[in-house]
Protein chains: 2
Amino acid sequence: MSDVPVFDAGFIARFEELLAWRRDVRRFRPETLPEPLVTHLLRLAELSPSVGHSQPWRWLRVNDPVQRAAAQASFARCNAEALGDYDGAQAALYARLKLEGLREAPEQFAVFCDHSTRQGHGLGRRSMPEMLDYSVVAAITQFWLAARAHGVGVGWVSILEPGEIAAALRTPPDWKLIAWLCVGYPQEEHADPELVRAGWEAGKGRS
Amino acid sequence: MSDVPVFDAGFIARFEELLAWRRDVRRFRPETLPEPLVTHLLRLAELSPSVGHSQPWRWLRVNDPVQRAAAQASFARCNAEALGDYDGAQAALYARLKLEGLREAPEQFAVFCDHSTRQGHGLGRRSMPEMLDYSVVAAITQFWLAARAHGVGVGWVSILEPGEIAAALRTPPDWKLIAWLCVGYPQEEHADPELVRAGWEAGKGRS
């Protein structure tokens, strides 16, 4: 095991900067990513932990304008419904927030969990079957950090109706939508979340 | 934004080693962690993304021997039931696997998602309420990587009955168990998962 890496203080300090400067990005520059970088980031996500080594993540790269439009439409509908949950100043603030970059992000991925996978033979998820979904979340988290290390921003869009996305992408019935990811070079860099800068938490919205 | 970090090729190469050498650890040395390191790792987990900046993670550090024994008992029962799902050689292999370090790990955390939190005012989780749980998984993933950077191993134990853990820890009813983490310095370092080394996937178990 002579090649076991030891992470020195310099690396650790930079790694902590990576955690601090990872952001949910909603404002993207239009340039596409180099194709080898896309492949590389997806390969790094494959190094994630998964229950029973089941690797249940299924990444669909969405380039079809019709499929992207379906996600935009689902967001528009879900977001209008969400706005109805807030009143007064909180509603006005919600309406001003930019919560996604679905029209701008040059790269977009729908990430699913394959509930029909036999890989792993069910190990580790008998009493907590949600572990399969959690494994996909871990992979997305690693992808996110790896992307940021390469200067690439990721935004996780959850204001969507999973059934509408599944229909638009014609996914198998056993695939559960975990995330829609907008990916590209960010227009801005920040060490604090956009919602903090916007003062969202200070408002008095309903939970 | 002059202090925006740029991650150079040297950092990226080391970061990729971190992803490659992170493991689910089940064999721990007995030394406890320095207290400042525990505090620091938990603080780094706080930098994780969360839906609506809700930060719904609740980390309980479990030192009470009675509570630890409850987790061991829950594992023993759940693991015996899981063994019953396999036949023949796969069952024999399953019985030989070491799937947790609940007796050995010097530090242990039960990590919950607080479904009653009002932080975030519900933003981003109306159509996908599971985003709250996923936010906790992201925090655990970051904790895991940060720990490994500091030479500390983490093992995620999921072969547990969440209701038994909640009862033993007397958690609020709205807290959902996401993970039980065993934490400590690892006895061994590997770049490949233990289940791969054990040949688990090659078996013919039921899914």
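The values are calculated or read from the model by the stated rules, or taken from the named source; none is laboratory data. The structure presented is a predicted model; accordingly, all values stated were derived computationally and were not measured. Methodologically, a virtual Cβ is constructed for each residue, glycine included, from the backbone with ideal geometry; neighbour enumeration extends over all protein chains shown. Accessible surface is based on the protein model in full, side chains and every heavy atom, while ligands, DNA and RNA are left aside. Shrake-Rupley method; radii C 1.70, N 1.55, O 1.52, S 1.80 Å.
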- Task: Residue by residue through the stretch A:138-155, note down the ones that are more than 18 Å from residue B:144 (Cβ to Cβ), facing chain B (nearest Cβ under 10 Å) and over 11 Å from the mean Cα position of the chain (by Cα).
- Result: A:150, A:151
- Apart from one, (1) in a helix (DSSP H, G or I); (2) open to solvent by less than 20 Å² (accessible area, probe 1.4 Å); (3) closer than 25 Å to residue B:39 by Cβ all hold for residue B:179; the odd one out is (1)
- Mind listing whichever residues of the stretch A:6-26 are part of a loop (DSSP other than H, G, I, E, B) and either on the phi > 0 side of the Ramachandran plot or out of contact with any Lys or Arg (no Cβ under 7 Å at 6 or more places or on another chain) (or both)? A:6, A:8, A:23, A:25
- Message: Can you find a residue that is without any contact (Cβ under 8 Å) to a residue 12 or more places away in the chain and more than 7 Å from chain A (Cβ to nearest Cβ) anywhere in the stretch B:122-129?
- Response: yes
- Message: Any residue that is in a loop (DSSP other than H, G, I, E, B) and at the interface with chain B (Cβ under 9 Å from one of its Cβ atoms) - is there at least one of those in the stretch A:93-101?
- Response: yes
- Pick from A:74, A:54: which is under 18 Å from the mean Cα position of the chain (by Cα) and not hydrophobic (A, V, I, L, M, F, W, C)? A:74
- Message: Which numbered condition in (1) within 8 Å of chain A (Cβ to nearest Cβ); (2) surrounded by fewer than 17 Cβ atoms within 10 Å (Cβ to Cβ) is the only one that residue B:46 fails?
- Response: (1)
- Query: Restricting attention to the stretch B:134-176, and to residues there that are small (Gly, Ala, Ser) and closer than 16 Å to residue B:19 by Cβ, which single residue is most open to solvent (accessible area, probe 1.4 Å)?
  - Reply: B:151
- Task: Determine whether the stretch A:18-26 contains at least one residue that is in contact with a strand residue (DSSP E or B) (Cβ under 8 Å, 6 or more places away or on another chain) and over 30 Å from residue B:4 (Cα atoms).
- Result: no
